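The next block holds one structure in the form of structure tokens; read it before the comments.
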Amino acid sequence: MTPTDADRAPAGAAGSAEQALEEALALVNRTPDGGVPRAAAWPRARDTAVHAGAGTRARTHRVPLADALGDVLAEPLDALSDLPSFDTSAMDGWAVAGPGPWAVRDGGVLAGCERPEPLADGEAVRIATGARVPADTTAVIRSEHCREKGAQLFADRSVLTGQDIRPRGQECRSGDLLLPAGSLVTPAVLGLAAAAGYDELATRPRPCVEILVLGDELLTAGRPHDGLIRDALSPMLAPWLTRVGAEVTGTRRFGDDAAGAAALLEAVSSSTADVLITTGGTAAGPVDHVHPVLAEAGAELLVDGVAVRPGHPMLLARIGGRADGRYLVGLPGNPLAAVSGLLTLAEPLLRALAGRRGRPRWTAVVRGDVPGHPHDTRLVPVVLTDEHAVPLRYNGPAMLRGVAAADALAVVPPHGARSGQDLEILDLPWTSGGCFT
């Protein structure tokens, strides 16, 4: 499995991101004859989502360490003091001064105690891991490397000056840059910030997402019956979006009738979420209300259809102004097609809105021939071995059986791939470290 070029990181300035978005839109919306825009190429659609998120004005807040997990640093994390802030014993043992043998001093030095008395030449005192080393200490000798005999201490092996002492400032000096702005706050970052003396952090908050589920045919409980089917997307979407770094604020349901369309328009117009995710209704059927609702709301379509299977009728729209607007990602109603929309539009948009870097792109060798679409990219569930990506069955647009068993999705170019060919791999969030990647 081979890494390739990293995803383009969100632009550092809103202006450059907006220019990149304009260029992407020009390509997305280009048509051979000036007519209806054709579906965006799959890579171009992903780039458009990234540029849209990167061009939105960043929000920041200061939060306690416990609330910063999963956010992105809005400011550099600088050391507030030397680490460690004093010379520290790295082991339980003896602090000694000068050559041995050493006279044993009464008492001992424990972590958290006040500054100990300096050692005289030829003197030793017991010391605990993490304790402040007495002034004039030559070295710390581990307990298992020495022995007491009467009131004297003898070393069982040679003693090197400075051994098992963590000197002040070994990890950093006050003012050193520990992490740049834009770093994801992981559990390890929380630990580093605490060690450096921080009680709160300035971060870019996670984007808020509201899920809007469309369709009269959807059941929320029980078995499918009488032309009704279970809603497979609601149980999947909220945890999926949380795993990629979003904060899901709620899920609402809408019918397919005129009242449902009116309620959807009200939701699109009034929701305070950064991103709305709709399920179904993105095609041109008699009860597919997403396009008319977006037109009525004055939204700008950034992506209207993508040349990918499954998931062709997905879309991305901006509601409101360019710097402060909100976004709507329209997912197809078929479950695997919706997964395609998540990976193509929703995840890149959310990562860019949060200020997170794009995931590194990488490839794997596919085992077995993979059929392709004549014109469009295909996303196919695969299991990853040490050497291969193995395509799975049950990869139709309405199926979740394949992706439920998968480690990732392979990007299959038009016309398919031959066994042994390198294919780009899209990690699934539960196999790639979740929201901390």
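Observations on the structure shown:
- Counted over the stretch 88-166, the DSSP beta bridges are approximately 80% antiparallel.
- When both the stretch 146-203 and the stretch 269-337 are represented by their alpha-carbon centers, they are found 51 Å apart.
- Backbone N within the stretch 93-109 under 17 Å of label point (7 Å from Leu160 Cα along the Cβ vector): 96
- Among complete DSSP H helices in the chain, those whose alpha-carbon atoms stretch at least 15 Å along the helix's long axis and whose mean Kyte-Doolittle hydropathy reaches 1.0 are 258-270.
- Other residues with beta-carbon under 11 Å from the beta-carbon of Gly311 carry, at +1 per Lys or Arg and -1 per Asp or Glu, a net charge of +1.
- Whether the chain is rounded, prolate or oblate, judged on the alpha carbon gyration tensor where a/c under 1.5 counts as rounded: prolate
- Straightening the chain between Glu148 and Arg115 buys 9.4 nm, computed as 0.36 nm per residue apart minus the Cα-Cα spacing.
- Mean separation of Cα pairs under 8 Å and 6 or more residues apart, divided by the residue count, gives the stretch 88-166 a relative contact order of 40 percent.
- Per residue, the average separation of C-alpha pairs within less than 8 Å and at least 6 apart gives the chain a relative contact order of 18 percent.
- Amide H contacts under 5 Å for Arg168: Asp87, Thr88, restricted to partners 5 or more places along the chain or on a different chain, H placed in the peptide plane at 1.01 Å from N.
- Within the shell defined by Cβ-Cβ distances under 14 Å, the residues around Pro64 carry a net charge of -3, with Lys and Arg each +1 and Asp and Glu each -1.
- Ranking of Glu300, Glu117 by neighbouring Cβ atoms within 10 Å, starting from the fewest: Glu117, Glu300.
- Highest-first arrangement of 406-415, 356-365, where packing means the average Cβ count within 10 Å: 406-415, 356-365
- Per-residue HN-Hα couplings for the stretch 171-185 [Karplus 6.51, -1.76, 1.60; θ = phi - 60°; Hz; x = Gly/Pro]: 7, 6, 9, 3, x, 5, 6, 8, 8, x, 4, x, 6, 6, 7
- By DSSP, the beta bridges lying fully in the chain are antiparallel in about 65 percent of cases.
- Order of Tyr394, Tyr327, Tyr198 - criterion: other Cβ atoms within 10 Å of each residue's Cβ, fewest first: Tyr394, Tyr198, Tyr327
- Other residues with beta-carbon under 9 Å from the beta-carbon of Asp156 carry, at +1 per Lys or Arg and -1 per Asp or Glu, a net charge of +1.
- Interchain or long-range residues, amide H under 5 Å from Asp369's placed H: Ser419
- Share, in percent, of DSSP beta bridges within the stretch 272-367 that are antiparallel, nearest 5: 65
- Model label points for Phe86 and Arg223, set 7 angstrom from Cα along the Cα-to-Cβ axis, are 7.2 nm apart.
- Overall form of the stretch 231-351 per C-alpha gyration tensor (a/c, 1.5; a/b vs b/c): rounded
Quick note: the coordinates plus some simple rules give every number you see, no bench work behind them. All values reported here derive from a predicted model rather than from experimental measurement. Note: ideal-geometry Cβ built from the backbone for every residue, glycine included; neighbour counts use all protein chains shown.
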